[in-house]
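Student: There's a structure below that I have some questions on.
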Amino acid sequence: MPRETKGKTKEKKEVEVVELKEKKNKKTGLSDFARGIIIGTGATILVSAVVILLILGGTDRNRDKSKTGSIVETFEKYFNADEYALVVIAQESCQFCAMYRPLVEALAEDLGIKFLYVDIQAEGLSQLESNKLFGMIQEQGSVPVSAVVRNGEVIRKWGGFAEGEAILEHLIASGMVASGTKYNVETNIDKINYAKFRELLAGPTMSVVIIETIPCPPCTEARLFLNGIGKTNNIKINQLHVQRMTEEDIEHFVGSFESIGMDPEETYLPLVMLVRNGRVVAYHGGYSKSEQGPITTMLKENNIIK
């Protein structure tokens with residue numbers, strides 16, 4: 001894999017660190033490509049909403065099947081009901097929406113709240129219908145956008161991608177969820193930095209690590225899948241996010257591939273690894289539902305789970 005050379009300018013050094021491949025995934029629509037990780041000194045990566053104009057689209061697998069009429073009518077019923085509801089407007093071609101969906105769905109299920117996810121693109125809404133939904137929650141057309149609604153009013157609204165803990169904070173602030181409610185969706189996920197990863201790598205105990213990036217819908221899905229395994233088997237899953245790594249961290253990691261037992265051509269994201277005694281004992285790159293089996297097998301063969 002490409003490495004930095006001393007001849008590169010400082011500007012290029014800040015933005016061109018290493019290429020990491022993201023595995024082609026037909027189920028998520030991701031193409032095979034080399035991703036350049038951009039990390040500036042002291043930079044903060046902000047995930048903003050994807051602004052869309054004149055959008056057509058939407059699917060809603062959480063649609064209340066007992067309701068009749070269009071998804072627009074269902075949305076109106078949720079919006080005007082005399083009880084809190086969390087509504088999300090998104091579109092399937094938006095990768096941040098694809099990352100957001102499994103998190104907000106898992107949280108809504110865990111909390112048992114009234115919830116409606118509207119994918120305007122897959123639903124096939126007209127421009128007029130899309131604009132009507134956005135107008136009801138006083139939004140110009142950015143996705144994903146979430147709102148807590150009740151009695152025809154927007155109680156609280158936020159745009160863009162958010163992790164599960166942040167979503168819960170919005171729900172608490174809106175009054176939809178009681179203060180002090182704990183985030184129970186990813187209880188077996190430990191967020192680590194590269195220093196902690198090296199500590200786990202060198203240690204005598206087998207550790208499970210998942211390496212992720214943004215935007216990467218399969219990364220979110222893989223993390224939730226592993227969290228479920230962790231809950232069932234009482235093990236911790238260590239999450240190392242590329243955006244939490246420095247330029248030097250990434251360069252060191254890539255430079256150590258061969259010495260720790262990894263093939264650079266198989267470093268697809270998300271990357272699930274089993275590490276111990278300075279070596280990567282086993283790893284699996286990429287994720288789709290069809291790959292749950294190989295990942296589970298890898299964990300069983302190395303006595304992580306039974």
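The values are calculated or read from the model by the stated rules, or taken from the named source; none is laboratory data. For clarity, every value in this text was computed on a predicted model and none was experimentally measured. Because the Cβ atoms are built from the backbone with ideal geometry, glycine has one as well, and the counts that use them run over all protein chains shown.
Student: Could you run through the stretch 100-127 and say how many residues are crowded, with 16+ Cβ neighbours inside 10 Å and either in the same structural domain as I214 (by TED's automatic domain parsing) or in a loop (DSSP other than H, G, I, E, B) (or both)?
Tutor: The first filter runs over the stretch 100-127 and keeps only residues crowded, with 16+ Cβ neighbours inside 10 Å, leaving 100-108, 111, 113-123, 125.
Filter once more, keeping what is either in the same structural domain as I214 (by TED's automatic domain parsing) or in a loop (DSSP other than H, G, I, E, B) (or both): 113-114, 120-123.
Residues flagged as crowded, with 16+ Cβ neighbours inside 10 Å and either in the same structural domain as I214 (by TED's automatic domain parsing) or in a loop (DSSP other than H, G, I, E, B) (or both) within the stretch 100-127 amount to 6.
Student: Right, something else. Could you say which residue among T44, T68, T74 is out of contact with any strand residue (DSSP E or B) (no Cβ under 6 Å at 6 or more places or on another chain), modelled with pLDDT of 95 or more and among the β-branched types (V, I, T)? Outline the logic, then answer.
Tutor: Details: T44 fails: modelled with pLDDT of 95 or more; T68 fails: modelled with pLDDT of 95 or more.
Just one listed residue meets the conditions, T74.
Student: Could you tell me whether S146 is within 21 Å of A81 (Cβ to Cβ), crowded, with 18+ Cβ neighbours inside 10 Å, polar (S, T, N, Q) and outside the structural domain of L86 (by TED's automatic domain parsing)?
Tutor: Working: within 21 Å of A81 (Cβ to Cβ): yes; crowded, with 18+ Cβ neighbours inside 10 Å: yes; polar (S, T, N, Q): yes; outside the structural domain of L86 (by TED's automatic domain parsing): no.
In short, no.
Student: Limited to the stretch 210-239, what total is found for residues that are surrounded by fewer than 22 Cβ atoms within 10 Å (Cβ to Cβ) and aliphatic (A, V, I, L, M)?
Tutor: The qualifying residues number 4.
Student: Which of the residues belonging to the stretch 89-99 are in contact with a strand residue (DSSP E or B) (Cβ under 7 Å, 6 or more places away or on another chain) and assigned to a loop (DSSP other than H, G, I, E, B)?
Tutor: Taking the stretch 89-99 as the starting set, the residues that turn out to be in contact with a strand residue (DSSP E or B) (Cβ under 7 Å, 6 or more places away or on another chain) are 89-92, 94, 96-97.
Selection gives Q91, E92, C94.
Student: Within the stretch 171-191, restricting attention to residues that are out of contact with any helix residue (DSSP H, G or I) (no Cβ under 6 Å at 6 or more places or on another chain) and crowded, with 19+ Cβ neighbours inside 10 Å, which residue is nearest to C94 (Cα to Cα)?
Tutor: L171
Student: Give the residues of the stretch 71-100 that are free of Cβ contacts under 8 Å to residues at least 24 places away in the same chain and farther than 15 Å from K114 by Cα, sorted by residue number. So that I can check it myself, show each step before the final result.
Tutor: Taking the stretch 71-100 as the starting set, the residues that turn out to be free of Cβ contacts under 8 Å to residues at least 24 places away in the same chain are 73, 77.
If the condition is that a residue be free of Cβ contacts under 8 Å to residues at least 24 places away in the same chain and farther than 15 Å from K114 by Cα, then E73 is the only one that fits.
Student: Can you pull out the helices (runs of 4 or more DSSP H) entirely within the stretch 239-306 that have at least 3 residues that are over 25 Å from A195 (Cβ atoms) and in the same structural domain as P217 (by TED's automatic domain parsing)?
Tutor: Values: elements: 247-255, 257-260, 292-301.
Once the helices (runs of 4 or more DSSP H) in the stretch 239-306 are filtered for at least 3 residues that are over 25 Å from A195 (Cβ atoms) and in the same structural domain as P217 (by TED's automatic domain parsing), what remains is 292-301.
Student: State whether one or more residues within the stretch 282-289 are out of contact with any helix residue (DSSP H, G or I) (no Cβ under 9 Å at 6 or more places or on another chain) and either surrounded by fewer than 20 Cβ atoms within 10 Å (Cβ to Cβ) or within 28 Å of F96 (Cα to Cα) (or both). Reasoning before the result, please.
Tutor: Start the filter on the stretch 282-289 by keeping residues that are out of contact with any helix residue (DSSP H, G or I) (no Cβ under 9 Å at 6 or more places or on another chain), which leaves none.
Taking every residue of the stretch 282-289 in turn, none turns out to be out of contact with any helix residue (DSSP H, G or I) (no Cβ under 9 Å at 6 or more places or on another chain) and either surrounded by fewer than 20 Cβ atoms within 10 Å (Cβ to Cβ) or within 28 Å of F96 (Cα to Cα) (or both).
Student: What is the residue count in the stretch 169-203 for residues that are over 21 Å from the mean Cα position of the chain (by Cα), in contact (Cβ under 8 Å) with a residue 40 or more places away in the chain and in a helix (DSSP H, G or I)?
Tutor: Keep residues of the stretch 169-203 that are over 21 Å from the mean Cα position of the chain (by Cα), which gives 172-181, 195-196, 198-203.
Among the residues that remain, those that are also in contact (Cβ under 8 Å) with a residue 40 or more places away in the chain are: 174-177, 181, 196, 200-203.
Pick out the ones that are also in a helix (DSSP H, G or I) and you get 174, 196, 200-202.
Number of matching residues: 5.
Student: Might you check whether a residue that is outside any loop (DSSP other than H, G, I, E, B) and of a type in the set (D, E) occurs anywhere in the stretch 139-146? Before you say what the answer is, go through the steps one by one.
Tutor: Let us first name the residues in the stretch 139-146 that are outside any loop (DSSP other than H, G, I, E, B), namely 142-143, 145-146.
Then keep just the ones that are of a type in the set (D, E); that gives none.
Scanning the stretch 139-146 turns up no residue that is outside any loop (DSSP other than H, G, I, E, B) and of a type in the set (D, E).
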